[in-house]
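The values are calculated or read from the model by the stated rules, or taken from the named source; none is laboratory data. Keep in mind that this is a model prediction, so the values were computed, not measured. Note that we place each Cβ from the backbone using ideal geometry, even for glycine, and neighbour counts take in every protein chain shown. In case anyone asks, the SASA skips ligands and DNA or RNA and just uses the protein heavy atoms, side chains included. Shrake-Rupley method; radii C 1.70, N 1.55, O 1.52, S 1.80 Å.
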Amino acid sequence: MISSSCFSLVKINPTTQPTIVNASNSTSPHSPPLSNLQRPTSPNHNNRLPIQSTRRNLLNISILTIIASPISPFLSSTSTWAQTQESLALESYTDTNEGFTLLRPTPWTKVEKAGATALFEDPSKGGNNIGVVVTPVRLTTLREFGDPQFVANKLIQAEKRKESTKDVEIISSSERGGQKGDDVQVYEFEYKLDSTRGGVKRVFSAAFVASKKLYLLNIAYSDNPEKPLDDHTRMILEQVLHSFHVINISSPLVNSQV
């Protein structure tokens, strides 16, 4: 979920496996309001200057707004993912301007959309899509905002506040390392969203911070009860999710078949 900008992708690291943290029961019916994004502080922290607290609150609100809004424009259809091996063949996509790379289905079309750094749509089912948003932030790492479970809780709270949301359920949250040679930590999330705008969707998200930029990947696909996500399609989507990485800006443009 993100509001102003979009993302891009990198080559999958087969040696890196995320550690899954089951977060299905992590949210509380008494969750704090969206505007209160700071963790609870102990009494000995009450002597901080008001300006420090205010700046922290504004920063947290800004980051959560970015993480929670870009999915919306990508989830406007009730279409289902293409199931054939041909339509799910993957190739590498690299954006050297923004500095990220990922795998994407070869036949999917790159389209232009306001706020998105990169957006790919299934040409036969436009509601199935992969979107990337890149936006400047004051953070140097995503952990400065919170751990994966904390961010997942805030993301779900933000989804629940949307008028179009009928139900939302977090399935998992995880953290993995970047590629060899960098120290970027990547957060990954999976959740199910039922909304009046797009029916039941499965959403995979990945986020990381590098060079004072927040990179966010969102993968949306139909997961209606009458045609649930199959194992083969899920495996392909997870490959795309795990392939999202930062790159060295000086690296050559890559666009090779996988």
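Checking each residue in the stretch 118-140 for being small (Gly, Ala, Ser) and modelled with pLDDT of 90 or more picks out Ala118, Gly131. Could we say that Val186 is farther than 18 Å from Thr141 by Cβ and touching a Lys or Arg at 6+ places or on another chain (Cβ under 8 Å) here? So Val186 does not fit the description; no. Residue count for the stretch 104-160 satisfying the condition of being assigned to a helix (DSSP H, G or I) and in contact with a strand residue (DSSP E or B) (Cβ under 7 Å, 6 or more places away or on another chain): 10. When Gly115 is tested against (1) modelled with pLDDT of 90 or more; (2) within 22 Å of Asp223 (Cα to Cα); (3) among the small types (Gly, Ala, Ser), only condition (2) is not met.
Residues of the stretch 174-187 that are closer than 9 Å to Phe208 by Cα and in contact with a helix residue (DSSP H, G or I) (Cβ under 7 Å, 6 or more places away or on another chain): Gln185, Tyr187.
For Arg143, the stated conditions do not hold, so it cannot be described as at pLDDT below 90 and either in contact with a Ser or Thr (Cβ under 7 Å, 6 or more places away or on another chain) or farther than 30 Å from Lys125 by Cβ (or both). Considered as a group, the residues in the stretch 210-224 that are closer than 13 Å to Thr135 by Cβ and out of contact with any Phe, Trp or Tyr (no Cβ under 7 Å at 6 or more places or on another chain) include one that is surrounded by the most Cβ atoms within 10 Å (Cβ to Cβ), and that residue is Leu214. Regarding the stretch 184-207, can at least one residue be identified that is more than 20 Å from Gly127 (Cβ to Cβ), small (Gly, Ala, Ser) and in a loop (DSSP other than H, G, I, E, B)? No, every residue in the stretch 184-207 fails to be more than 20 Å from Gly127 (Cβ to Cβ), small (Gly, Ala, Ser) and in a loop (DSSP other than H, G, I, E, B). The condition of being closer than 20 Å to Phe145 by Cα and open to solvent by 30 Å² or more (accessible area, probe 1.4 Å) does not hold for Lys227.
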